[in-house]
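As structure tokens, the structure follows; a few thoughts come after it.
The values are calculated or read from the model by the stated rules, or taken from the named source; none is laboratory data. Only a predicted model underlies this, so the values are computations on that prediction, with no experimental measurement involved. Cβ: placed from backbone, ideal geometry, glycine included. Neighbour counts: every protein chain shown.
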Amino acid sequence: MNQATTTTSPMMTSQSISRQPAPKRRTHWASRAWSGLVVGLMTFFLINVGLMIASVATNSVAKRWLGTWLPNGWTLEWYSAAWQEFQLGDVLLVTIQVVLSVVALSILIGVPAAYTLARRNFRGKKLLTGLFLLPLMIPPITYGIPLATLMYELHLAGTLPGVIIANLLPALPFVILVMTPFIEQIDPNLESAARVFGARTFTMFRHVLVPLLAPGILAASLLVLVRTIAMFELTFLTAGADTQTLVVALYYSVFAAGVRASQSIDAMAMVYMIVTLIWLLIAMRFVSPTQLVSRVKEHPQN
Amino acid sequence: MMLMSSQTAGSRWRDPAMWMAAPAVIFMLAVFVYPFIHGLILSFQPLEGGMLSNYVKFFSTDNLWMTIGVTLKLALPATLINILIAVPVAYRLRHKTPYQKIATTILVIPITLGTVLIAEGMLTYFGPKGWFAQILQTLHIYEGAIRLTHNYAGVVISLVISGFPFAFLLILSYITGIDPVLPRAAATLGATPFNQFRYAIFPLILPGLAMAFCLSFVQAFSVFPSAVLLGSPAGATRVISIAAYEAAFENYDYSMASAVAMIMGAVQLGVVVIVLGARNLFYRGPVTGGKG
């Protein structure tokens, strides 16, 4: 029996042993081996991803790099080349305009809607929730192509408002889904108290709910921000030549590779990564990643 | 809005809280529902032939209907790998420690890479003269040519790199949402760590896993940039979104493009329905609370 259990996999061991009270040490061995495996696998994954990023970073500052461990000269000129070649200044400006408008609009429209879903019960509520969930459940290309088709008919495609509207489509349901549980866990008695003192809905919202919701709103806007910077498909389908965001410009630069030096593409890729990374790190400072879906449970209420 | 509110009691109309959802509903109707219906109708108005000729054409042209299989063959394994790796990692990082915060941040960083940077990085790193090939050759592990780009494997790897952080974050938030009292109770009754997971945690996160699978699958299913840049877009990784894009922006056949988009949505929703249905088959019972 002992011989058999030590040779089988850690899962088998712990299962076959569970009925017997004694062998505590073997359980330890099994769970140690298992967590060693998990940590090892993750380390392998992260090392390869890290080296992958490092090779892009190295290439972006290399003079020439062909088949050796390290390039034979270093330079920063690819960054200035990329800046001019791809008109990075304009692209960054468009990206900032699109991202900030999407964040602001999705919060302004999404938070009140989340309030309705969190506080009111009405017929058709399930249908409404489904309507908000659907864009997250079907691929962006599926609704992006009909939307882009319509936008071309209305001459909206290629304009800044067009790109903003298209990006707002997945952002708004996302805000509603993140904010609804946040609002649900706020004590409704606070609202009743405000009403007792004569506050109307708008005043109550402004002075009671918004301050309480500030952490949730911050979390939702940072997550929308990171998602919108990375949203490729919808921007790709609706953007014109002068309304490209960073992701789309980057795609075209790789797609049309051959004309351009790979170093200047990599320099642009690094700019993209650094922009997103800064925002992600800020987001992680304020948002615990575990709050993403479930209810906030850090301050126990019951 | 009109449809739903007309069925409800009249007093609802005077409730300001009900009106707060109006802008969001109007936006969704104008930007999501209307274009979708427009696209659906457009797909039945082909440039030539009868009402159904776009769909007939799709299912009778080899390089069109085969894209469904190609896409599923890429997206299903990639999503499964992501979920299967994410569960044990998230389970290990479920306790709130400084170590958890650092590890989580590092694991989430690949989200910032974006598909294009991953494609570019993989072309450099896994390329014939890249570091990966050089390391393997120096260590005498493998000397032959490495074929991890411009094929099926390349796209799956890039889907795992870009999809894992998202799956991990979702599952981590489901696991940390479980009351820690439950596994502790199981431990008191003598359950090994594996059995705590098997009998206390797993049944509780199963609905979350199904949801995480669906949300990760959507991302993998709409794979576009990596299939073009890292795969072989004419052959093994000609996914359905490439077919839709070609119809719309290379052939300017918006009717056909809408048809492809509708088929794509239908396949995706089919998978979601199967997964959420299977969840109900496997486990019935309370998913929250401490009874059990």
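Pick from A:Tyr79, A:Tyr115: which is more than 8 Å from chain B (Cβ to nearest Cβ), surrounded by 13 or more Cβ atoms within 10 Å (Cβ to Cβ) and in contact (Cβ under 8 Å) with a residue 60 or more places away in the chain?
Values: A:Tyr115 fails: more than 8 Å from chain B (Cβ to nearest Cβ).
After ruling out the rest, the residue left standing is A:Tyr79.
Just to verify a result, which residue in segment A:242-251, among those that are surrounded by 16 or more Cβ atoms within 10 Å (Cβ to Cβ) and either of a type outside the set (Ser, Thr, Tyr) or more than 9 Å from chain B (Cβ to nearest Cβ) (or both), is nearest to A:Trp74 (Cα to Cα)?
The initial filter retains those residues of segment A:242-251 that are surrounded by 16 or more Cβ atoms within 10 Å (Cβ to Cβ), namely A:243-251.
Imposing the further condition that a residue be either of a type outside the set (Ser, Thr, Tyr) or more than 9 Å from chain B (Cβ to nearest Cβ) (or both) reduces the set to A:243-250.
Numbers: A:Thr243: 33, A:Gln244: 30, A:Thr245: 29, A:Leu246: 25, A:Val247: 26, A:Val248: 28, A:Ala249: 25, A:Leu250: 23 Å.
Going through the qualifying residues, I end up with A:Leu250.
Need at least 3 residues that are small (Gly, Ala, Ser) and surrounded by 15 or more Cβ atoms within 10 Å (Cβ to Cβ) per element, so show me which helices (runs of 4 or more DSSP H) inside segment B:71-165 make the cut, counting only ones lying wholly within it. Steps first, please.
Working: elements: B:98-108, B:114-125, B:131-138.
Of the helices (runs of 4 or more DSSP H) lying wholly inside segment B:71-165, those with at least 3 residues that are small (Gly, Ala, Ser) and surrounded by 15 or more Cβ atoms within 10 Å (Cβ to Cβ) span B:114-125.
Here is a check on your reading of the model: is A:Thr180 within 21 Å of A:Leu117 (Cα to Cα), among the polar types (S, T, N, Q) and at pLDDT 85 or above? Quick ask: steps written out before the conclusion?
Values: within 21 Å of A:Leu117 (Cα to Cα): yes; among the polar types (S, T, N, Q): yes; at pLDDT 85 or above: yes.
Yes, satisfied.
Looking at B:Ile242, B:Ile263, B:Ile201, can you tell me which residue is under 30 Å from A:Ser262 (Cα atoms) and either among the polar types (S, T, N, Q) or in contact with a helix residue (DSSP H, G or I) (Cβ under 9 Å, 6 or more places away or on another chain) (or both)? If you could, list the steps in order and put the result at the bottom.
Numbers: B:Ile263 fails: under 30 Å from A:Ser262 (Cα atoms); B:Ile201 fails: under 30 Å from A:Ser262 (Cα atoms).
None of the other options fit; the residue is B:Ile242.
Go through segment A:153-167 residue by residue and tally those that are surrounded by fewer than 24 Cβ atoms within 10 Å (Cβ to Cβ) and either of a type in the set (Gly, Ala, Ser) or facing chain B (nearest Cβ under 8 Å) (or both).
The initial filter retains those residues of segment A:153-167 that are surrounded by fewer than 24 Cβ atoms within 10 Å (Cβ to Cβ), namely A:153-162, A:164-165.
Remaining after also requiring either of a type in the set (Gly, Ala, Ser) or facing chain B (nearest Cβ under 8 Å) (or both): A:157-158, A:162, A:165.
Number of matching residues: 4.
Under 7 Å between Cβ atoms, which residue pairs at least 6 apart in sequence (or on different chains) link something in segment B:92-103 that is in contact (Cβ under 8 Å) with a residue 12 or more places away in the chain and assigned by TED's automatic domain parsing to the domain that holds B:Phe168 with a partner that is surrounded by 16 or more Cβ atoms within 10 Å (Cβ to Cβ) and among the aliphatic types (A, V, I, L, M)?
B:Leu93/B:Ala103; B:Leu93/B:Leu172; B:Arg94/B:Ile175
Give A:Ala199, A:Ala241, A:Ala214 a once-over and let me know the one that is aliphatic (A, V, I, L, M) and part of a helix (DSSP H, G or I). Please lay out each step first, then the result.
On the way: A:Ala199 fails: part of a helix (DSSP H, G or I); A:Ala241 fails: part of a helix (DSSP H, G or I).
The conditions single out A:Ala214.
So for segment B:196-211 (the condition being at negative phi, outside any helix (DSSP H, G or I) and either of a type in the set (Asp, Glu) or over 22 Å from the mean Cα position of the chain (by Cα) (or both)), does at least one residue qualify? Walk me through how you get there before you give the answer.
Narrowing segment B:196-211 to residues at negative phi: B:196-211.
Filter once more, so that each one left must be outside any helix (DSSP H, G or I): none.
No, every residue in segment B:196-211 fails to be at negative phi, outside any helix (DSSP H, G or I) and either of a type in the set (Asp, Glu) or over 22 Å from the mean Cα position of the chain (by Cα) (or both).
Taking segment A:141-152 as the search range and keeping residues that are surrounded by fewer than 24 Cβ atoms within 10 Å (Cβ to Cβ) and either in a loop (DSSP other than H, G, I, E, B) or facing chain B (nearest Cβ under 7 Å) (or both), which one is modelled with the lowest pLDDT?
The first filter runs over segment A:141-152 and keeps only residues surrounded by fewer than 24 Cβ atoms within 10 Å (Cβ to Cβ), leaving A:149-152.
Subset that is either in a loop (DSSP other than H, G, I, E, B) or facing chain B (nearest Cβ under 7 Å) (or both): A:149-150.
Numbers: A:Thr149: 88, A:Leu150: 91.
Taking the candidates together, the pick is A:Thr149.
Which of the residues spanning segment A:279-302 are at pLDDT 80 or above and more than 9 Å from chain B (Cβ to nearest Cβ)? Full working, then the answer.
Of the residues in segment A:279-302, the ones at pLDDT 80 or above are A:279-282.
The one that is at pLDDT 80 or above and more than 9 Å from chain B (Cβ to nearest Cβ): A:Ile282.
Return yes or no: is A:Ile138 facing another protein chain (nearest Cβ under 7 Å) and either within 24 Å of the chain's Cα centre (by Cα) or not basic (Lys, Arg) (or both)? I'd like the intermediate steps shown before the answer.
Working: facing another protein chain (nearest Cβ under 7 Å): yes; either within 24 Å of the chain's Cα centre (by Cα) or not basic (Lys, Arg) (or both): yes.
Answer is yes for this residue.
Every residue, every condition in (1) outside the structural domain of A:Leu172 (by TED's automatic domain parsing); (2) surrounded by fewer than 20 Cβ atoms within 10 Å (Cβ to Cβ), yes or no:
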| site | (1), (2) |
| --- | --- |
| A:Gly67 | yes, yes |
| A:Asn72 | yes, yes |
| A:Gln87 | no, yes |
| A:Asp90 | no, yes |
| A:Val94 | no, no |
| A:Leu100 | no, yes |
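Any residue that is more than 20 Å from the chain's Cα centre (by Cα), more than 8 Å from chain A (Cβ to nearest Cβ) and touching a residue at least 60 places away in the same chain (Cβ under 8 Å) - is there at least one of those in segment B:118-135?
The answer is yes, given that some residue of segment B:118-135 is more than 20 Å from the chain's Cα centre (by Cα), more than 8 Å from chain A (Cβ to nearest Cβ) and touching a residue at least 60 places away in the same chain (Cβ under 8 Å).
May I ask you to say which residue of B:Ala78, B:Ala86, B:Ala103 is among the small types (Gly, Ala, Ser) and more than 11 Å from chain A (Cβ to nearest Cβ)?
Answer to the check: B:Ala78.
Just give me the residues in segment A:118-140 being among the small types (Gly, Ala, Ser), in contact with a helix residue (DSSP H, G or I) (Cβ under 8 Å, 6 or more places away or on another chain) and either part of a helix (DSSP H, G or I) or buried (at least 24 other Cβ atoms within 10 Å of the Cβ) (or both), in sequence order.
Residues of segment A:118-140 that are among the small types (Gly, Ala, Ser), as a first pass: A:118, A:124, A:130.
Add one more test, that the residue is in contact with a helix residue (DSSP H, G or I) (Cβ under 8 Å, 6 or more places away or on another chain), and what stays is A:118, A:124.
Once the filter is applied, which keeps residues that are among the small types (Gly, Ala, Ser), in contact with a helix residue (DSSP H, G or I) (Cβ under 8 Å, 6 or more places away or on another chain) and either part of a helix (DSSP H, G or I) or buried (at least 24 other Cβ atoms within 10 Å of the Cβ) (or both), segment A:118-140 yields only A:Ala118.
Which ones in segment B:166-193 are within 8 Å of chain A (Cβ to nearest Cβ), farther than 22 Å from B:Ile81 by Cβ and assigned to a helix (DSSP H, G or I)? Walk me through it before giving the result.
Within segment B:166-193, the first condition is being within 8 Å of chain A (Cβ to nearest Cβ), and the residues that meet it are B:169-170, B:172-174, B:176-177, B:190-193.
In the following step, the residues that additionally are farther than 22 Å from B:Ile81 by Cβ were identified as B:176-177, B:190-193.
Result: B:Thr176, B:Pro193.
Has segment A:217-231 got any residue that is within 30 Å of B:Gly231 (Cα to Cα), surrounded by fewer than 22 Cβ atoms within 10 Å (Cβ to Cβ), at the interface with chain B (Cβ under 10 Å from one of its Cβ atoms) and among the small types (Gly, Ala, Ser)?
yes
Give the number of residues within segment B:46-70 that are touching a residue at least 24 places away in the same chain (Cβ under 8 Å) and part of a helix (DSSP H, G or I).
Here is the first cut: in segment B:46-70, the residues touching a residue at least 24 places away in the same chain (Cβ under 8 Å) are B:46-47, B:54-55, B:57-58, B:63-64, B:66-68, B:70.
Subsequent filtering for residues that are part of a helix (DSSP H, G or I) retains B:54-55, B:57-58, B:63-64, B:66-68, B:70.
Residues meeting the conditions: 10.
One line per residue, one yes/no per condition, for (1) more than 10 Å from chain A (Cβ to nearest Cβ); (2) under 22 Å from B:Met211 (Cβ atoms); (3) modelled with pLDDT under 90; (4) part of a helix (DSSP H, G or I):
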site	(1), (2), (3), (4)
B:Tyr245	no, no, yes, yes
B:Ala257	no, no, no, yes
B:Val267	no, yes, no, yes
B:Ile274	yes, yes, no, yes
B:Gly277	yes, yes, yes, yes
B:Asn280	yes, yes, yes, yes
B:Gly285	yes, yes, yes, no
